[in-house]
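Here the structure comes first, spelled out in structure tokens, and everything after it is commentary.
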Amino acid sequence: MKLSGLKKIILLGIILLIIAGIVIVALKGINVSLILQQHESINLLIGKPVEIKDVQNICNEVFANKRVIVRKLELFGDSVNIISESITDEEKSNLITKINEKYETDFTVDDVNIEKNSNIRVRDLVRPYVLPVMLSFVLIVAYIIIRFRKINSLKLLGKICVTIILTEALIASCIAITRLPLLPIMINLMSVVAIFEVVLFISRSEKCLKNK
């Protein structure tokens, strides 16, 4: 299939972005979120609505230049999970003091435990997806070959594979170029995009099959 001038430019831009992403990963590696790296964390049940921004400001004062992530734990928004590269006894004490002052709580150093969390490798993060993806791929290939054999199912399959590979590579490259921290939700989003593309191709092919 011949591509128009505009499509050629778009394809060239996609390829250049993918190459740029590969180069950045080769030079700097993947920017993995602190949640997936080795870190220490503290859980605090405040008992009243908490604003993440306020706790983040407190953490910025306590942990200075260290990376810190603050997350809500409960649906009621009254518990927080504080993650940092490391937490010293002094930082723990200062954090508790400032939280008590801000929210009028009565935490003590002995009440709060520091949890140590080991790093999660990227391949361990991806591993749970391998088997479902392979099974889904086999089923989709079998369905397309049987269902669309009258309109060149192999050509359709090739288009789907090329489109998905380019799209997923483009998304991964954009993440690498912008240095966004890698999170599990990103893998889920990429899976949703791939599924959407497959459904779109199949729906279009169904229409084409009906017309024939």
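The values are calculated or read from the model by the stated rules, or taken from the named source; none is laboratory data. No experiment lies behind these values; they were computed from the predicted model shown. No Cβ is skipped: glycine too gets one built from the backbone with ideal geometry, and neighbour counts run over all protein chains shown.
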Checking Asp106 against (1) among the acidic types (Asp, Glu); (2) part of a helix (DSSP H, G or I); (3) loosely packed, with under 13 Cβ neighbours inside 10 Å, which single condition isn't satisfied? (2)
Tally, over region 66-91, of residues that are in a loop (DSSP other than H, G, I, E, B) and of a type outside the set (Phe, Trp, Tyr): 11
Please pick out the residue among Gly13, Gly29, Gly47, Gly5 that is over 30 Å from Glu74 (Cβ atoms), small (Gly, Ala, Ser) and over 25 Å from the mean Cα position of the chain (by Cα). Gly5
Hey, Gly21 in contact with a helix residue (DSSP H, G or I) (Cβ under 6 Å, 6 or more places away or on another chain), among the small types (Gly, Ala, Ser) and in a helix (DSSP H, G or I) or not: yes
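For region 35-60, enumerate the residues that are in a loop (DSSP other than H, G, I, E, B) and farther than 22 Å from Pro184 by Cα.
Hits for region 35-60 are Ile46, Gly47, Lys48, Pro49, Val50, Glu51.
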Under 6 Å between Cβ atoms, which residue pairs at least 6 apart in sequence (or on different chains) link something in region 173-194 that is assigned by TED's automatic domain parsing to the domain that holds Pro132 with a partner that is of a type in the set (A, V, I, L, M, F, W, C) and in a strand (DSSP E or B)? Leu182/Val32
Which residue out of Val23, Val68, Val50, Val55 is of a type in the set (A, V, I, L, M, F, W, C), in contact with a strand residue (DSSP E or B) (Cβ under 8 Å, 6 or more places away or on another chain) and within 28 Å of Val122 (Cα to Cα)? Val68
From Leu183, Leu125, Leu200, Leu154, grab the single residue that is touching a Pro at 6+ places or on another chain (Cβ under 8 Å) and either loosely packed, with under 14 Cβ neighbours inside 10 Å or closer than 30 Å to Ser41 by Cα (or both). Leu125
